[in-house]
Ligand SMILES: Nc1ncnc2c1ncn2[C@@H]1O[C@H](COP(=O)(O)OP(=O)(O)O)[C@@H](O)[C@H]1O
Ligand SMILES: [Mg+2]
């Protein structure tokens with residue numbers, strides 16, 4: 001189908017508008033983080049910074065607890081991501097391939113987990129963690145983050161598995177590969193984009209999680225960025241420069257993650273298998 | 001190398017019985033082809049032999065050993081799928097070596113056997129390529145190579161040529177025949193294409209709706225079909241069936257006639273009990289067994305509706321007075337013209353009779 005010039009124009013115009021809506025706030029935050037305080041609070045905001053300073057970053061890294069929060073967040077998010085992937089993969093495979101009673105009913109209900117807002121389970125979970133002595137421990141956050149990321153991750157992983165022709169697995173079975181080998185040697189390489197998607201989803205969910213992190217973690221030294229940061233900026237008055245520098249620094253690990261797993265997002269992995 | 005034995009093998013998917021009690025013995029080194037229309041259970045039966053489907057009832061033996069409940073990998077079989085089922089992220093060499101790697105064979109043995117198989121299948125230049133960088137025929141050869149390296153007792157093929165274009169199909173058919181000669185291994189081959197069945201098989205198993213209709217050598221099925229289903233399935237174009245009446249019986253022959261079709265009386269050999277006089281039966285004549293009307297003792301008359309001239313042979317499609325149609329093969333390209341009335345000479349010695357249930361008389 002060929003688009004007319006007018007259609008193309010409105011399509012690209014629309015895309016540009018949406019892109020601007022998404023990119024502008026980011027640009028404003030990032031560019032603001034290197035502006036001098038007086039330029040930040042100028043009545044008419046500048047799109048292109050007229051001043052340049054690293055004072056906000058210096059303050060963030062040297063005079064605030066941000067580095068501690070950053071490390072806490074990286075630890076919690078990395079473990080949450082790793083466990084989510086490690087658990088979602090075999091679970092999705094079981095839902096996809098293994099026969100057991102109640103499989104379909106269970107599969108249909110796992111997404112129901114999202115029908116309950118986090119607050120509903122906050123108090124019972126708090127009680128539970130208090131009993132086993134996990135309050136104020138990053139382990140509690142990892143458990144909560146993994147539990148919340150899993151249903152969707154399983155669901156997403158299963159739909160990636162469903163794109164792999166059955167005969168490939170059957171050929172591997174005939175070739176003598178045990179189930180774990182099939183999963184690791186055959187299926188995992190073929191659903192690399194799915195694994196990458198799940199990993200990013202789990203990392204970002206954990207990275208931005210506020211509610212549980214604010215309740216289950218008590219001591220300042222164990223806070224993650226979203227909670228700890230809220231403390232930094234609100235203690236006496238809002239330090240806009242610090243806020244923007246912190247927001248910018250918080251994006252960096254996510255960007256690095258995207259760069260690392262981005263190369264897994266390749267299409268056509270199963271080309272040549274069955275056609 | 002191994003023979004194979006199926007004993008009262010059944011398969012049910014829930015309530016539906018897809019394979020209804022199959023008995024079959026395959027001798028070591030035989031090339032057996034399962035044919036039948038789409039959906040008749042060929043793949044299911046093959047997959048049961050492979051162990052990819054469980055057996056609901058009955059017993060499967062490979063090389064004299066009961067493997068009914070055995071894992072596919074332990075049955076001593078190798079399977080080639082219609083869709084190749086290659087591992088797309090592995091090279092040709094890794095694909096072919098995979099079963100040996102799973103069997104924990106030493107690396108030098110894997111390399112040697114992969115090299116041997118690659119040589120047999122002319123895949124040597126492609127060993128380091130990925131499947132997506134190969135043509136369809138090469139991919140199917142890799143799939144066959146992966147089966148060869150295991151040195152299985154039985155090869156299982158499920159319509160391995162169906163995804164290839166016509167020319168390649170003929171080429172690969174010859175290659176598979178050569179492979180069987182070279183390796184001498186038992187092969188079970190599923191196809192819905194009766195030409196593949198006729199050319200490859202040492203024995204053909206004709207399946208219909210999960211049951212065996214007839215087992216025999218290709219020419220046996222062609223020359224001596226047990227029923228109209230087998231008669232219609234084996235041979236191309238299909239056998240013609242014309243309704244006739246038994247008007248006389250003598251000495252292993254029945255005299256049949258269809259006055260409205262211009263057939264006044266023709267003797268056709270029968271087997272078993274002689275049919276009763278006046279019975280309505282079906283006369284089966286293959287398109288290639290019509291003879292010139294001049295000089296033939298009996299003939300059918302009809303109206304030619306379409307003539308297909310292929311050069312070497314010509315097919316005339318004709319309408320019979322009572323509504324049926326027949327296809328007639330002729331070596332003479334000019335013997336029929338569309339729209340003409342014509343007489344088609346019959347040779348009673350090459351015709352068959354079938355009762356109303358399709359059973360050969
Ligand atoms: N997993 C299954 N569940 C239910 N029915 C099936 C299954 N596999 C095959 N069948 C049915 O069994 C019949 C035979 O299928 P199949 O063996 O694939 O036929 P063929 O290979 O001869 O075309 C078909 O009617 C098909 O619908
Ligand atoms: Mg089939």
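Quick notes on this one:
- Taking only the C-alpha atoms of chain A, Rg followed by Dmax gives 23.1, 72 Å.
- Residue of B:117, B:292, B:78 that the Gaussian network model of chain B assigns the largest fluctuation, springs spanning Cα pairs under 10 Å: B:292
- Within a Gaussian network of chain A (alpha carbon springs, distance under 10 Å), most fluctuating of A:68, A:215, A:146: A:215
- Taken residue by residue and averaged, Cβ atoms of other chains lying within 10 Å of the Cβ of A:159-172 number 4.
- Calculated FRET value between residue A:263 and residue A:159, using beta carbons and R₀ = 25 Å, to 0.05: 0.70
- Relative contact order (%) - the stretch A:163-275, alpha-carbon pairs under 8 angstrom, separation at least six: 33 percent
- Likely footprinting exposure, B:84, A:69, B:222, B:126, fewest C-beta neighbours within 10 Å first: B:222, B:126, A:69, B:84
- The helix-based estimate of mean residue ellipticity at 222 nm for chain B, built from -39,500 (n - 2.57) per DSSP H run of four or more residues and divided by its residue count, is -7000 deg cm²/dmol to the nearest 500.
- In percent, rounded to a whole number, the relative contact order of chain B is 15, using alpha-carbon pairs under 8 Å and six or more apart.
- Cα centroid separation, the stretch B:79-95 to the stretch A:1-54 (Å): 49 Å
- Under a Gaussian network description of chain B, with springs only between Cα atoms under 10 Å, the residue in B:135, B:56, B:43 that fluctuates furthest is B:135.
- Separation of the stretch A:195-266 from the stretch B:292-333 is 83 Å, based on Cα centroids.
- The stretch B:1-153: C-alpha gyration tensor shape, a/c 1.5 cut-off, then a/b vs b/c: prolate
- Over chain B, equivalent-ellipsoid semi-axes from the Cα gyration tensor in Å: 46, 25, 15
- Antiparallel bridge percentage (DSSP; both residues within the protein assembly as shown; nearest 5): 75 percent
- Area projected by the alpha carbon convex hull of the stretch B:1-74, averaged over all directions, nm²: 4.9 nm²
- Inter-site label distance for residue B:116 and residue A:86 at 7 Å from Cα along Cβ, in nm: 4.3 nm
- Between 0 and 90 degrees, the angle of helix A:138-161 with respect to the longest Cα principal axis of chain A falls at about 50 degrees.
- Note on residue B:165 and residue B:276: the model spin-label points, each 7 Å out from Cα along the C-beta direction, lie 5.8 nm apart.
- Here the average projected area of the convex hull drawn through the C-alpha atoms of the stretch A:135-252 stands at 9.5 nm².
- Every Cα-Cα pair in the protein assembly as shown was counted, and those over 46 Å apart are 45% of them.
- Ranked list, fewest to most other Cβ atoms within 10 Å of each Cβ, for B:260, B:130: B:260, B:130
- For the stretch B:261-323, the Stokes-Einstein estimate of translational diffusion at 37 °C and a viscosity of 0.692 mPa s comes to 230 µm²/s, using the Kirkwood hydrodynamic radius over alpha-carbon pairs.
- Alpha-carbon Debye profile of the stretch B:175-314, log10 I(q)/I(0) at 0.14, 0.22 Å⁻¹: -0.83, -1.38
- Taking the longest Cα principal axis of chain B as reference, the axis of helix B:92-102 is set at about 70 degrees.
- With the helix formula -39500 (n - 2.57) applied to DSSP H stretches of n ≥ 4, chain A reaches a computed 222 nm mean residue ellipticity of -21500 deg cm²/dmol.
- The value obtained for the stretch A:1-110, namely the Cα convex hull volume divided by the number of residues, is 240 Å³ per residue.
- Applying 1/(1 + (r/R0)^6) with R0 = 35 Å to the Cβ-Cβ distance of residue B:202 and residue B:343 gives a FRET efficiency near 0.30.
- Calculated FRET efficiency for the pair residue A:11/residue B:223, C-beta based, R₀ 60 Å, to 0.05: 0.30
- Taken as Cα centroids, the stretch B:274-291 and the stretch B:141-196 sit 37 Å apart, rounded to the nearest whole angstrom.
- Separation in nanometres of the label points that stand 7 Å from Cα toward Cβ, at residue A:220 and residue B:359: 9.8 nm
- Derived value for the stretch A:1-52: Kirkwood hydrodynamic radius 13.2 Å. Basis is the mean of 1/r over every pair of different alpha-carbon atoms.
- Of all DSSP beta bridges in chain B, antiparallel share, percent nearest 5: 75 percent
- Relative to the globular-protein estimate of 2.2 N^0.38 Å, the Cα radius of gyration of the stretch B:240-354 stands at 1.06.
- Taking the number of Cβ atoms within 10 Å of each Cβ as an exposure proxy, the fewest-first ranking of A:155, A:27 is A:27, A:155.
Where a number appears in this text, it was derived from the coordinates with a stated rule and is not lab data. Here the structure is a predicted model, which means the values were calculated and not measured. Cβ: placed from backbone, ideal geometry, glycine included. Neighbour counts: every protein chain shown.
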